[in-house]
1. Of these, 48, 37, which one is in contact with a Phe, Trp or Tyr (Cβ under 7 Å, 6 or more places away or on another chain), closer than 12 Å to residue 119 by Cβ and not hydrophobic (A, V, I, L, M, F, W, C)?
2. Taking only pairs six or more apart or across chains, which ones have beta-carbon atoms under 9 Å, a first residue in the stretch 116-145 that is without any contact (Cβ under 8 Å) to a residue 60 or more places away in the chain, and a second residue that is of a type outside the set (D, E, K, R) and exposed (fewer than 13 other Cβ atoms within 10 Å of the Cβ)?
3. Kindly evaluate residue 79 against the criterion of being of a type in the set (A, V, I, L, M, F, W, C), farther than 16 Å from residue 5 by Cα and either modelled with pLDDT of 95 or more or not in a helix (DSSP H, G or I) (or both).
4. Filter the stretch 1-21 down to the residues that are open to solvent by 30 Å² or more (accessible area, probe 1.4 Å) and either more than 24 Å from residue 129 (Cα to Cα) or in a loop (DSSP other than H, G, I, E, B) (or both) and list them by number.
5. Can you tell me which condition residue 118 does not meet? The list is (1) crowded, with 19+ Cβ neighbours inside 10 Å; (2) closer than 23 Å to residue 38 by Cβ; (3) not β-branched (Val, Ile, Thr), and all the others hold.
6. Going residue by residue through the stretch 34-51, is there one that turns out to be open to solvent by 90 Å² or more (accessible area, probe 1.4 Å), under 27 Å from residue 129 (Cβ atoms) and either in a loop (DSSP other than H, G, I, E, B) or of a type in the set (Phe, Trp, Tyr) (or both)?
7. Of everything in the stretch 119-139, what is out of contact with any Lys or Arg (no Cβ under 6 Å at 6 or more places or on another chain), part of a helix (DSSP H, G or I) and among the β-branched types (Val, Ile, Thr)? Give them in sequence order.
8. Can you tell me which residues in the stretch 93-114 are in contact with a Leu (Cβ under 8 Å, 6 or more places away or on another chain) and open to solvent by 10 Å² or more (accessible area, probe 1.4 Å)?
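The values are calculated or read from the model by the stated rules, or taken from the named source; none is laboratory data. Quantities reported herein were computed from a predicted structural model and do not represent experimental measurements. Ideal geometry is used to build each Cβ from the backbone, glycine not excepted, and the neighbour counts take in all protein chains shown. Calculation scope for accessible area: heavy atoms of the full protein, side chains included, ligands and nucleic acids excluded. Shrake-Rupley method; radii C 1.70, N 1.55, O 1.52, S 1.80 Å.
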Amino acid sequence: MAFWLFKSEPFKWSFDMQKAKGDKGQEWDGVRNYQARNFMREMKVGERGFFYHSNEGKAVVGIVEVVAEAHPDSTTDDARWECVDIKAVMDMPRPVTLDEIKEEPKLKDMVLVTNSRLSVQPVGKAEFETICRMGGLDPDRAMAA
């Protein structure tokens with residue numbers, strides 16, 4: 001199983017807004033970066049990821065799950081752009097800030113640290129487990145489908 005991180009500015013799309021969509025989830029639309037799009041093309045239903053508030057808060061605030069694999073992005077007629085659908089699964093008991101992530105030696109090679117501008121990015125299993133623990137969440141519970 002692969003793990004992911006989805007970044008959003010909370011004033012545009014927050015984790016609370018994501019949770020309000022319920023089990024049907026929401027398209028992760030509007031991504032116009034080829035690398036981020038290609039990561040979404042790799043995603044499989046059931047894979048988990050972090051929901052990250054960028055700019056405001058700069059923290060991992062929740063766990064999401066992919067509920068639909070890559071399909072055309074409904075916000076454009078340009079066939080180059082695809083997206084997945086995700087649903088909120090659970091809150092992080094305590095948000096894990098970017099500063100905390102950068103201070104953790106085990107996370108020094110994480111994409112969020114080395115390429116912080118990428119809006120959709122992979123997360124290693126050990127990175128996922130470390131951040132879950134930092135936020136007070138049992139990694140096994142966060143990974144359970």
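1. Going through 48, 37 in turn, the sole match is 37.
2. Close Cβ pairs (under 9 Å, with a partner that is of a type outside the set (D, E, K, R) and exposed (fewer than 13 other Cβ atoms within 10 Å of the Cβ)) amount to 136/93.
3. yes
4. Within the stretch 1-21, 1, 2, 9, 11, 12, 13, 17, 20, 21 meet the criteria.
5. That leaves (1) as the condition not met.
6. The answer is yes; a qualifying residue exists.
7. Across the stretch 119-139, the qualifying residue is only 131.
8. Those that are in contact with a Leu (Cβ under 8 Å, 6 or more places away or on another chain) and open to solvent by 10 Å² or more (accessible area, probe 1.4 Å): 93, 98, 111, 113.
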